[in-house]
Structures are given as structure tokens and as C-alpha cells.
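Participant: Take a look at this one; I'll ask things after.
The values are calculated or read from the model by the stated rules, or taken from the named source; none is laboratory data. The structure displayed is predicted, hence computed values, not measured ones. As a convention, Cβ positions derive from the backbone with ideal geometry for all residues, glycine included, and neighbour counts pool all protein chains shown. We work out accessible area using only protein heavy atoms, side chains counted, and drop any ligands, DNA or RNA first. Shrake-Rupley method; radii C 1.70, N 1.55, O 1.52, S 1.80 Å.
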Amino acid sequence: MRVLVLGSGGREHALARALHRDPAVTAVHCAPGNPGTAGIADNHALDPTDPTAVTELAGRLRADLVVVGPEAVLMAGVGDALRRAGVPCFGPDRAAARIEGSKAFAKEIMAAARVPTAEARVCETSAQVDEALDAFGPPFVVKDDGLAAGKGVVVTADREAAAAHAAACGRVVIEEFLDGPEVSLFALCDGEHAVPLLPAQDFKRAYDGDEGPNTGGMGAYTPLPWAPDGLVEEIMATVVQPAVDELRRRETPYVGVLYAGLALTSAGIRVVEFNARFGDPETQVVLDRLATPLGTLLQSCAIGGLDPAFRPEWRPGAAVTVVVAAEGYPAAPVKGDEITGLAEAAKVEGAYVLHAGTRTDPDGRLLSNGGRVLNVVGTGDSLAAARAAAYAAVAEIGLRASHHRTDIALRAATG
Ligand code: AMP
Ligand code: GLY
């Protein structure tokens, strides 16, 4: 099986790595990929949001499967174009990807499918915003209606800050605050059936103790020792399958990974958001644990015929990923600083480094090239051991003025 992965971040490096381990996969290609994927795959310089260029490359490579990383690729209609050209694509058409691309559309699907979520109002004028803020009260949750890479959401007790964010966005969704721990669950879908992966937890805030602005995610871990028994099956029955059924009923079948971001509130499970792609950085820990060959699994979604009773096998133990972020991330990340210590980090037992925002210069030096620069993954028999491995490897890395959280998986590891 020849596989083409679209995207250039840590999630795509993790996908390429897991595909590379699948004995049925004979070649992994990435477009554009990054210096990390270059070690295990063939990188192709190309804009992954260009449907014509991607379809042409997939044809030239005789790809048996295209795996889409970022949501922008889906919203550009790349999945539609590939399927029209007869290329199996793991990633939904644009119409179904709107479950992520429009918060208002996601709310509409959830209402139709009776999926539990925060009560919400779509607001376009400052009068509507004022009314909604009054109705829900603090803490205020204000979300840009469009794609914002996890950064379009403001959760604040400060009413003026909430109103200012709404004014800056235009069309927003204002909703009820959901209390309780968050869980990310990825379900693989073939348009009709869905199969869950391991649940993971992401750390969205920039700084330790959940302080600071929302980011794309500063770290993740799996498994979740604190999760109640039966959680995954409950999410599949009350959230994932109803959403998949509703999209199929609308003749926009969902093929790809449906990412349910959930809050476990005192009143029960509530959907915080849906994403139409693998989560970043949760994928880095979930795929680390996957024992079932990934390529074969994703292909059965792309071509149809996924067995809904199938459950992937998982390696025992735990995985923790820590994001090493550039100076200024998330507001204004500084790019172009040299990265050192990767060879030393790789020698730490149980740890390895995935590239997220890196590039090489003409002299072969590795430079930062994005907000989230590296994802350091630690593995071990327990979350405590996985954390120790991850942080020992982080300590080996040199990147001027970089920052990372020191409390990824800390509470879960210490009970
Ligand atoms: P989203 O892009 O919708 O996932 O929002 C980003 C982050 O903001 C989430 O992961 C939560 O941490 C937080 N958030 C979003 N919606 C709510 C809500 N209704 N109540 C509490 N926190 C929320
Ligand atoms: N880690 C959050 C996301 O991928 O949206």
C-alpha cells in the first residue's frame, strides 16, 4: 500500500511514523512533510490545500490512500477532489468537514442528532452579543464561528474581554460554560460505521496550572486512569454514532476521523467541539500506543466496509507528549532559531522527538519554523515513567527562549 500524508506538523510526523510501522505499507509520502518526516518518508514540496496539485501528486505516486492531517485541507475541498478522481481518501468532503469548519453547523447537527452539548446562541450584532452574555453569565465562552486552529475561543470572567473578542470576530457562537475535565476521543469512520481509538487528554492553555491563553495544545497523554468505566462506549452511543448517522442522512457521509472534544460535567457528557481530523498533539500519544496496523485500518475507512465491532489493539503502558513552543507562542511565535540537542534527546530511554514546526537551512542546520516546534514523546509502564522520559528528553533540547508546560499528565500520574 502506498500512502500519502498531507500536512507538515507533529501530528503528520506521528501519522507517518505509525504508517511506516504497518507491514502492509510499502511507501509513505508526505506533502509537504517536515524534516522529521523526511527520515521515514518521501517529502513533496506542494501546497496541500491545492486540490488539483494534490490529486495530480496522488496520481503520479499511484497512492492507494491519502491521509489528511489539517482541517484547512479538508475545507479546501481536497477530499472531494480526490474521491472524484477515484483516490481513496481518509478525510471527509468539505460539506461534512463543516462539522469543524463552522461552529454554528456543528450545533445544528448536534441539535438534529440530539447530541448533548453546551446551550449556545449564534450572534452577529453587538446587541445579540450583549443579550447572550447576560443570559449565560460568567464565565463567558465566546467562539469565532470559523476555523481558528483552536485559538478563536475566549473563556473569561471578564465581560469586556468577552464582548471585545466577539466584536473582533464578527459572527460568533456564545455558549454556556461547561465545567469538568476534558477528554478527546477520536473515532475512525467509513461514512456509516465508527470505531473508537483510545481517549486522551490535551492541555489547551499555554502555561502551567491552566494559566494563559488557549493554544492549539501544549501536551497530551493517554490512557486516562481517572476515566469512568464505559466512557468510550457511552461516547460512541450518545455522541459519535448519532453525528455520523445525521451526516449520512443529509447525504454528506463522514469518512475520516471524527474528533469529539468533550467535557465530563456533573450533568453528564457534553460536546465542547467536533473536529474533522486527528487532534494535535493527542494523536502523537494515541498512535504511539496503537498496535493494530494503521494503514490497513484507515484504508478500510476510506474505501468503506469498516467492521463496527472491531476494536484496535493497544500496547500496554502510557505515553505523554510535551510540546516545545517558540518564544511568543501563541500570540506571535518567533521563527528561525536554531534547535540543538535532538541526538541527545533521542538517547533518553523511552523517549523520541517528533518535528512540528521545523525546517532545515541550506547548511543543514535545524531551525524553528512555527509556534509549536517539537513534540517530545515519552513512553513507559506508567504515566509517571512516561512523564519522566519525556521531560528528561525535553531537558536535552536547546531552543532560545522556548517554553513548555511542566505539568503535562502530572495530576493523572499522581492520582
Ligand atoms: P474549542 O475550539 O471549541 O475546542 O474551544 C477551545 C477550548 O476552550 C476547549 O478545549 C475548552 O478548554 C474551552 N472551551 C470551549 N468551549 C467551552 C465551554 N462551553 N465551557 C468551558 N470551556 C470551553
Ligand atoms: N489538540 C486540539 C486540536 O487538535 O484541536
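Participant: When you go through (1) among the hydrophobic types (A, V, I, L, M, F, W, C); (2) surrounded by 14 or more Cβ atoms within 10 Å (Cβ to Cβ); (3) within 30 Å of residue 332 (Cβ to Cβ) one by one for residue 157, which number turns out not to apply?
Facilitator: (2)
Participant: Another question about this same structure. Report yes if residue 336 is closer than 25 Å to residue 217 by Cα and either within 16 Å of ligand 1 (Cβ to nearest atom) or out of contact with any His (no Cβ under 8 Å at 6 or more places or on another chain) (or both), otherwise no. Walk me through it before giving the result.
Facilitator: On the way: closer than 25 Å to residue 217 by Cα: yes; either within 16 Å of ligand 1 (Cβ to nearest atom) or out of contact with any His (no Cβ under 8 Å at 6 or more places or on another chain) (or both): yes.
Considered against the rule, which asks whether it is closer than 25 Å to residue 217 by Cα and either within 16 Å of ligand 1 (Cβ to nearest atom) or out of contact with any His (no Cβ under 8 Å at 6 or more places or on another chain) (or both), residue 336 comes out as yes.
Okay, residues lined up against (1) touching a helix residue (DSSP H, G or I) at 6+ places or on another chain (Cβ under 7 Å); (2) modelled with pLDDT under 95; (3) assigned to a helix (DSSP H, G or I):
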residue	(1), (2), (3)
131	no, no, yes
148	no, yes, no
167	yes, yes, yes
180	no, yes, no
212	no, yes, no
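Participant: So which residues in segment 360-393 are over 16 Å from residue 288 (Cβ atoms) and either part of a strand (DSSP E or B) or among the β-branched types (Val, Ile, Thr) (or both)?
Facilitator: Of everything in segment 360-393, those that are over 16 Å from residue 288 (Cβ atoms) and either part of a strand (DSSP E or B) or among the β-branched types (Val, Ile, Thr) (or both) turn out to be 360, 366, 367, 368, 372, 373.
Participant: Looking at residue 160 and the list (1) touching a helix residue (DSSP H, G or I) at 6+ places or on another chain (Cβ under 9 Å); (2) over 30 Å from residue 3 (Cβ atoms), which single condition is not satisfied?
Facilitator: Unmet condition: (1).
Participant: Here are the criteria: (1) assigned to a helix (DSSP H, G or I); (2) buried (at least 21 other Cβ atoms within 10 Å of the Cβ); (3) away from ligand 2 (no atom under 16 Å from the Cβ). Tell me which single one residue 105 does not satisfy.
Facilitator: Here residue 105 meets the rest and fails (2).
Participant: Scan segment 182-204 and report the pairs whose first residue is in contact (Cβ under 8 Å) with a residue 60 or more places away in the chain and whose second residue is within 14 Å of ligand 1 (Cβ to nearest atom) and assigned to a loop (DSSP other than H, G, I, E, B), with Cβ atoms within less than 6 Å and a gap of 6+ or a chain change.
Facilitator: 184/279; 202/217; 203/218
Participant: Same structure again: Are any residues in segment 42-62 buried (at least 20 other Cβ atoms within 10 Å of the Cβ) and under 21 Å from the mean Cα position of the chain (by Cα), and if so, which ones?
Facilitator: 48
Participant: Within the group 144, 134, which residue is touching a residue at least 12 places away in the same chain (Cβ under 8 Å) and either of a type outside the set (Lys, Arg) or open to solvent by less than 40 Å² (accessible area, probe 1.4 Å) (or both)?
Facilitator: 144
Participant: Another question, if that's okay. Hey, among the residues in segment 273-291 that are within 11 Å of ligand 2 (Cβ to nearest atom) and of a type in the set (Gly, Ala, Ser), which one's nearest to residue 184 (Cα to Cα)?
Facilitator: The qualifying residue nearest to residue 184 (Cα to Cα) is 279.
Participant: Could you go through segment 7-21 and let me know if any residue there is assigned to a strand (DSSP E or B), touching a Cys at 6+ places or on another chain (Cβ under 8 Å), at pLDDT 95 or above and within 21 Å of residue 276 (Cβ to Cβ).
Facilitator: Yes, that holds for at least one residue.
Participant: Name the single residue that is modelled with the lowest pLDDT among those in segment 292-311 being touching a strand residue (DSSP E or B) at 6+ places or on another chain (Cβ under 6 Å) and of a type outside the set (A, V, I, L, M, F, W, C). Break it down stepwise before answering.
Facilitator: Going residue by residue through segment 292-311, those that are touching a strand residue (DSSP E or B) at 6+ places or on another chain (Cβ under 6 Å) are 295, 298-299, 301-302, 304, 306, 310.
If we keep only those that are of a type outside the set (A, V, I, L, M, F, W, C) too, we end up with 295, 299, 304.
Working: 295: 98, 299: 97, 304: 93.
Only one residue fits best here, namely 304.
Participant: I'd like the full set of residues that are open to solvent by 10 Å² or more (accessible area, probe 1.4 Å), in contact with a Lys or Arg (Cβ under 9 Å, 6 or more places away or on another chain) and assigned to a helix (DSSP H, G or I), limited to segment 83-100. Walk me through how you get there before you give the answer.
Facilitator: As a first pass, look at segment 83-100 and keep what is open to solvent by 10 Å² or more (accessible area, probe 1.4 Å): 83-88, 93-95, 98, 100.
Now drop any that are not in contact with a Lys or Arg (Cβ under 9 Å, 6 or more places away or on another chain), which leaves 93, 95, 100.
Within segment 83-100, 95, 100 qualify.
Participant: Might you check whether a residue that is touching a Phe, Trp or Tyr at 6+ places or on another chain (Cβ under 8 Å), away from ligand 2 (no atom under 14 Å from the Cβ), farther than 26 Å from residue 266 by Cβ and open to solvent by 60 Å² or more (accessible area, probe 1.4 Å) occurs anywhere in segment 233-249?
Facilitator: Taking segment 233-249 and keeping what is touching a Phe, Trp or Tyr at 6+ places or on another chain (Cβ under 8 Å), we get 243-244, 247-248.
Cutting the leftovers down to away from ligand 2 (no atom under 14 Å from the Cβ) gives us 243-244, 247-248.
Add one more test, that the residue is farther than 26 Å from residue 266 by Cβ, and what stays is 244, 247-248.
In the following step, the residues that additionally are open to solvent by 60 Å² or more (accessible area, probe 1.4 Å) were identified as 248.
Among the residues of segment 233-249, at least one is touching a Phe, Trp or Tyr at 6+ places or on another chain (Cβ under 8 Å), away from ligand 2 (no atom under 14 Å from the Cβ), farther than 26 Å from residue 266 by Cβ and open to solvent by 60 Å² or more (accessible area, probe 1.4 Å), which makes the answer yes.
Participant: I've got another one for you. Filter segment 259-316 down to the residues that are away from ligand 1 (no atom under 16 Å from the Cβ) and of a type in the set (Asp, Glu) and list them by number.
Facilitator: Looking only at segment 259-316, we keep the residues that are away from ligand 1 (no atom under 16 Å from the Cβ), and these are 284-316.
Once the filter is applied, which keeps residues that are away from ligand 1 (no atom under 16 Å from the Cβ) and of a type in the set (Asp, Glu), segment 259-316 yields 288, 307, 313.
Participant: Moving on to the next point. With the structure loaded, tell me whether residue 211 is within 9 Å of ligand 1 (Cβ to nearest atom) and open to solvent by 30 Å² or more (accessible area, probe 1.4 Å) or whether it fails that test. Before the answer, list the steps.
Facilitator: Details: within 9 Å of ligand 1 (Cβ to nearest atom): no; open to solvent by 30 Å² or more (accessible area, probe 1.4 Å): yes.
Criteria not met by residue 211.
Participant: Kindly indicate which of 351, 332 is aliphatic (A, V, I, L, M), free of Cβ contacts under 8 Å to residues at least 60 places away in the same chain and in contact with a helix residue (DSSP H, G or I) (Cβ under 9 Å, 6 or more places away or on another chain).
Facilitator: Step by step, each of 351, 332 is checked, and only 351 is aliphatic (A, V, I, L, M), free of Cβ contacts under 8 Å to residues at least 60 places away in the same chain and in contact with a helix residue (DSSP H, G or I) (Cβ under 9 Å, 6 or more places away or on another chain).
Participant: If you don't mind, there's one more thing I want to ask. Mind listing whichever residues of segment 31-41 are among the small types (Gly, Ala, Ser) and crowded, with 16+ Cβ neighbours inside 10 Å?
Facilitator: Just the residues of segment 31-41 that are among the small types (Gly, Ala, Ser), to begin with: 31, 33, 36, 38-39, 41.
Of everything in segment 31-41, those that are among the small types (Gly, Ala, Ser) and crowded, with 16+ Cβ neighbours inside 10 Å turn out to be 31, 33, 36, 41.
Participant: Counting only residues that are more than 13 Å from the chain's Cα centre (by Cα) and either closer than 30 Å to residue 300 by Cα or more than 12 Å from ligand 1 (Cβ to nearest atom) (or both), how many does segment 166-187 have?
Facilitator: Just the residues of segment 166-187 that are more than 13 Å from the chain's Cα centre (by Cα), to begin with: 166-182.
Checking the rest, the ones that are also either closer than 30 Å to residue 300 by Cα or more than 12 Å from ligand 1 (Cβ to nearest atom) (or both) come to 166-171, 182.
Residues in segment 166-187 being more than 13 Å from the chain's Cα centre (by Cα) and either closer than 30 Å to residue 300 by Cα or more than 12 Å from ligand 1 (Cβ to nearest atom) (or both): 7 in total.
Participant: I would also like to ask the following. Only one of these is within 16 Å of ligand 1 (Cβ to nearest atom), modelled with pLDDT of 95 or more, among the charged types (D, E, K, R) and open to solvent by less than 50 Å² (accessible area, probe 1.4 Å): 190, 202. Name it.
Facilitator: Testing whether each residue is within 16 Å of ligand 1 (Cβ to nearest atom), modelled with pLDDT of 95 or more, among the charged types (D, E, K, R) and open to solvent by less than 50 Å² (accessible area, probe 1.4 Å) leaves just 202.
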